[in-house]
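Q: My structure is below; once you've seen it, I'll send some questions.
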Amino acid sequence: MTKEDFIHLVRDELDLPLGVDDLSADFDHVVSWDSMHMLRLVTAVERETGTRVPVGRLLADRSLGAIYERVSAA
Amino acid sequence: MTTVSSPAVRETRKSPLETLRALRADGTLAADYPSVAPLLAAMVSGGAESDLRRAGNLLVQLDRQSVLAARPETETAVVALTGHSTIGGVRAPLTAEFARHGVLVENRLGDFDSYLRDLRDPTSALHAPDVDLALWILDPQTLVDEMGTPWRADDLVRTAERKLAQIGSLATAFTRNSTAALVLNTVPLPRSVTHQLIDHESRARAGIAWRDFNSGLLRLALGNPRIHVVDLDPIVAAGVPLDEPRMAAYAKASLGDDLLAGYAREVAHLSRMLRGRTKKVLVVDADNTLWDGILGDDGPDGIAAATTFRGEAFGTFQRAVQQIGSQGILLAISSKNDHEPVVQVLKDHPDMVLRERDFARVNANWQPKDANLRDIAEKLNLGIDSFVFADDSPFECGLVADSLPQVAIVRLDEEPALHIEKLLADGWFDTARLTDEDRARAALYRTESERAELQENSGSLEEYLQGLGVRVRLTWAAAGDIDRVAQLSLRANQFNLTTVRLGVEDVTARAGDPDHLVLTIRSGDRFGDNGVVGAVFARSAADGTELHVDNMLLSCRVFARGIEQATVAALLAHARATGVRTVHASYRPTAKNRNVRDFWPSMGFASTSTTDDGLRFRHDLADLPAVPAHILLDSSLEGTAS
């Protein structure tokens, strides 16, 4: 999954208006982010890729970029 | 535009979700709010349920005030939510599901796990006077969190009993302190609960206790018309998971997003039902909808609704349609065929479950289907917005959706085994309870065609009415009439002078109050009995010298036969005989009741004022209107109308 695919998925599934720059921003600077967003994003990624993502470890991450790194490694 | 068949052009045609997103991007979504419902309808009928979920995420961010500023006529609803676990996930689907019905919803979400406070405290947001629906979302943890660890089956039995009693008393208290409808739900039994018990005996006892809890919840709704219970078991049985274990573990979301979406759909239909917007007519296509094959091409011997694999699936669908029809929903056919062959199939084709007598109208012709739906609405004297249309042809579904957006579309496809699921996916026909009139409705409408025949053979309207032999019976509403009167108050749109909708509780309260008068109107004629067709609500004031008619309503089946005039004549005679000096009445305009605007003046009422809320009238009882000569009136009221 490319960064662009990932950003597209975030926009499409969560209806959050994100740019590629937002990947590295802390969640506090990203519009109304909460843990449900994270979990929905993960299920969307899993639907897309067919691979299970280890959610428990993602919860400590503070940016979408970090999530993307783990997701693309999964 | 160039050719429409080139793939390049087809790709540029926006999907309903893309159109919705474009409206948002252009900043015109609020002003274009009326276009939202048809876009969402297209997502659902096109099978794009995941797009509906995405649309919910978009719409939940839309500013309600900007919609109301641009479109003040938009219908609104206030929904307050409370629960034990994380239920925020229901907001987006609720927003989308209400928007499908054109309703702009405001979701008020309580704090996490605040349900006890929300329900106990009469000043909580759940009790706010403008709340229409209060959703108390129950989940498995509501029980599990109170069982302690380790637990035995007995702990579950006791917890379930205690919790049910608590829910019962909190729910009953809520309905006393609030005017909102309270919505509970049954709680599906998780495998992660049953299988923590390793012995089968305990597992069986736990299973019984859990079902008793759910049965008890359903019984609460039977005992109190203000309590509604959404049964989640059928949604789970259809393959929707109870939860997403990681969301349950990490975000305390005990009910999964898809289950909450299914729940939201039921709630939106419940809201629609409470507003009296129930659908009354199901129009079905024939070829490849009721039977396998095309009658015009294959002939009667080439179509099937039994014996073959596919044929049997169509027969099963016919039984489901008949089942809907047996509960008061009128059935009609709109088919592109010659009329005679379709009628012949309904008469004598051996495979048919549905017969000619099951249909209030059979429109088989070559006119466009939107024109046929309009024709059926006109012949049945029902609003086109009370129609559901089921067809396997994407073209016909698209045509009706474009031309008559108020019609609900059930888009069937080439797989007849899925017809029933598609027909029942939305609760278009949901109603609070059935009355005898509902069960007899199809027969009542059938006699309409015999009446129409008499009318055609009569020289004048007077001659027709004389020949009809109309009987009207006016009585005080008895206990057995309450359900039907409340139902009429919710269903009647055209002859409904003030459109004040009254539920069973309101009607019961009025019927038991000596200052109030609740009358039922029954009618019949030589073709049969019409049952309870109308009601009058009035109340006595100024020491019995004034009578205020709050509302009068009449089923659209029976207008313009003199029944309404006979009723008012008897009511005014009763008023005069009981010492009333002035009768007050009013008319409140709605989109549907324009035809009765001049009803009170036609009965000798004088206009007293015109306000934003409607017209007011009075009658001084000096000169009473007469009962129409062709009517045989039987009134149990005091005073004789002449």
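We did not get these values from a lab; they are worked out from the coordinates using the rules stated. None of the values given here were measured: they were computed from a predicted structure. Note that we place each Cβ from the backbone using ideal geometry, even for glycine, and neighbour counts take in every protein chain shown.
Q: Would you mind putting B:313-324, B:253-264 in packing order, based on average other-beta-carbon counts within 10 Å, highest first?
A: Numbers: B:313-324: 18.8, B:253-264: 23.6.
The densest-packed peptide leads the list: B:253-264, B:313-324.
Q: Quick check: Cα centre of region B:314-338 to Cα centre of region B:150-172, how many Å?
A: With region B:314-338 and region B:150-172 each reduced to a Cα centre, they are spaced 44 Å.
Q: Going by the alpha-carbon gyration tensor, a ≥ b ≥ c the square roots of its eigenvalues, is chain B rounded (a/c under 1.5) or, if a/c is not under 1.5, prolate (a/b greater than b/c) versus oblate?
A: Values: a/c = 1.68, a/b = 1.21, b/c = 1.38.
The shape class here is oblate.
Q: Here's something else I'd like to know. If you bin the C-alpha pair distances of region B:281-424 every 10 Å from 0, what whole percents do you get?
A: All Cα pairs considered, the percentages come to 12, 47, 36, 5.
Q: Additional query: Taking the Cα centre of region A:3-73 as origin, sum charge times position over the Cβ atoms of Lys and Arg (+1) and Asp and Glu (-1), and report the length of that vector in debye to the nearest 20. Write down the numbers at each step before the final one.
A: Details: 8 positive and 14 negative charges, 68 e Å.
Here region A:3-73 has a charge dipole of around 320 debye.
Q: Can you give the calculated 222 nm mean residue ellipticity of the protein assembly as shown, where each DSSP H run of n ≥ 4 adds -39,500 (n - 2.57) and the sum is split over every residue, rounded to the nearest 500 deg cm²/dmol?
A: On the way: 30 runs with 316 residues, N = 716.
The per-residue figure over the protein assembly as shown is -13000 deg cm²/dmol.
Q: At a 10 angstrom cut-off on C-beta neighbours, averaged per residue, how do the peptides B:415-424, B:358-367 rank from highest to lowest?
A: Numbers: B:415-424: 16.8, B:358-367: 19.0.
Sorting B:415-424, B:358-367 by mean packing, highest first, produces B:358-367, B:415-424.
Q: Could you tell me which of B:Ile631, A:Ser72, B:Val103 has its Cα farthest along the dipole of the protein assembly as shown towards the positive end, charges placed at Cβ (Lys, Arg +1; Asp, Glu -1), taken about the Cα centre?
A: Ranked along the dipole, the leading option is B:Ile631.
Q: Something else: Mind checking which aspartates and glutamates have their C-alpha under 16 Å from A:Lys3, skipping anything on the same chain fewer than 8 residues away?
A: Of all the aspartates and glutamates, those that pass the test against A:Lys3 - Cα under 16 Å, at least 8 places apart if same chain - are A:Asp12, A:Glu13, A:Asp21, A:Asp22, A:Glu46, A:Glu48, A:Glu69.
Q: Another question about this same structure. If you take the charge dipole of region B:281-424 about its Cα centre, with +1 on Lys and Arg Cβ and -1 on Asp and Glu Cβ, which of B:Gly293, B:Trp366, B:Val410 is farthest toward its positive end?
A: B:Val410
Q: Restricting to the protein assembly as shown, what percent of DSSP beta bridges are antiparallel, rounded to 5? Can you show the working numbers first?
A: Working: 38 of 83 bridges.
In the protein assembly as shown, DSSP labels about 45 percent of beta bridges as antiparallel.
Q: To continue, here is another question. If the cut-off is a Cα-Cα distance under 13 Å, which aspartates and glutamates reach B:Lys163, setting aside same-chain residues fewer than 8 apart in sequence?
A: Those aspartates and glutamates meeting the cut-off are B:Asp139, B:Asp145, B:Glu146, B:Asp155, B:Asp212.
Q: Compute the relative contact order of region B:128-255 as a whole-number percentage, counting only Cα pairs closer than 8 Å that sit 6 or more residues apart in sequence. If you can, show how the numbers build up before the last one.
A: Values: 147 pairs, mean separation 39.2, N = 128.
Relative CO of region B:128-255 lands at 31 percent.
Q: Below 8 Å between Cα atoms, with a sequence gap of 6+, how large is the relative contact order for chain B in percent?
A: 8 percent
Q: Which lysines does B:Lys280 reach when only Cα atoms under 19 Å apart count, and residues fewer than 8 places away in its own chain are ignored?
A: Once the sequence-local lysines are set aside, what remains near B:Lys280 is B:Lys369, B:Lys379, B:Lys422, B:Lys592.
Q: Now a separate question. Rounded, prolate or oblate: which one fits region B:506-618, using the alpha carbon gyration tensor with axes a ≥ b ≥ c (rounded when a/c is under 1.5, else prolate when a/b beats b/c, else oblate)?
A: Numbers: a/c = 1.58, a/b = 1.18, b/c = 1.34.
Cα axes put region B:506-618 in the oblate bin.
Q: Given Cα pairs under 8 Å that are at least 6 residues apart, what percent is the relative contact order of chain A?
A: Numbers: 60 pairs, mean separation 27.6, N = 74.
After rounding, I find 37 percent.
Q: Kindly identify region B:438-503 as rounded, prolate or oblate by the Cα gyration tensor criterion: order the square roots of the eigenvalues as a ≥ b ≥ c, call it rounded if a/c is under 1.5, otherwise compare a/b with b/c, prolate if a/b is larger, else oblate. Intermediate results must be reported in sequence, preceding the final value.
A: Numbers: a/c = 2.13, a/b = 2.03, b/c = 1.05.
Prolate is the answer for region B:438-503, as a/c is 1.5 or above and a/b outweighs b/c.
Q: So if I take the alpha carbon set of the protein assembly as shown, get Rg, then get Rh from the Kirkwood formula, what is the Rg over Rh ratio? Intermediate results must be reported in sequence, preceding the final value.
A: Working: Rg = 28.8 Å, Rh = 28.8 Å.
Answer for the protein assembly as shown: 1.00.
Q: Separate question: With only alpha-carbon atoms counted, please give the Rg and Dmax of region B:510-552, in Å.
A: Considering region B:510-552 through its Cα atoms, Rg and Dmax are 13.5, 44 Å.
Q: How shielded is B:244-254 by partner chains, expressed as the average number of their Cβ atoms within 10 Å of its Cβ atoms? Provide the component values of the computation, followed by the final result.
A: Details: counts 5, 1, 10, 8, 1, 3, 9, 9, 2, 4, 0.
The mean count of partner-chain Cβ atoms within 10 Å per residue comes to 5.
Q: Moving to a separate point now. What translational diffusion coefficient, in µm²/s and rounded to a whole number, does the Stokes-Einstein relation yield for region B:307-367 at 37 °C and a viscosity of 0.692 mPa s, taking the hydrodynamic radius as the Kirkwood radius over Cα pairs?
A: Details: Rh = 12.2 Å.
It comes out at roughly 269 µm²/s.
Q: Shifting gears a bit: Within 10 Å of each Cβ of B:49-55, how many other protein chain Cβ atoms are there on average? Write out the running numbers ahead of the final one.
A: Details: counts 0, 4, 1, 0, 2, 5, 1.
Mean partner-chain Cβ count within 10 Å for B:49-55: 2.
Q: If you split all Cα-Cα distances of region A:3-73 into 5 Å bins from zero, what percentages do you get per bin, shortest first?
A: 3, 17, 34, 30, 14, 2, 0
Q: Sticking with this structure for a sec: Let me know the mean shielding of A:49-56 by other chains, meaning the per-residue number of their Cβ atoms within 10 Å of its Cβ. Walk me through the intermediate numbers first.
A: Values: counts 0, 0, 0, 1, 1, 1, 7, 3.
That average works out to 2.
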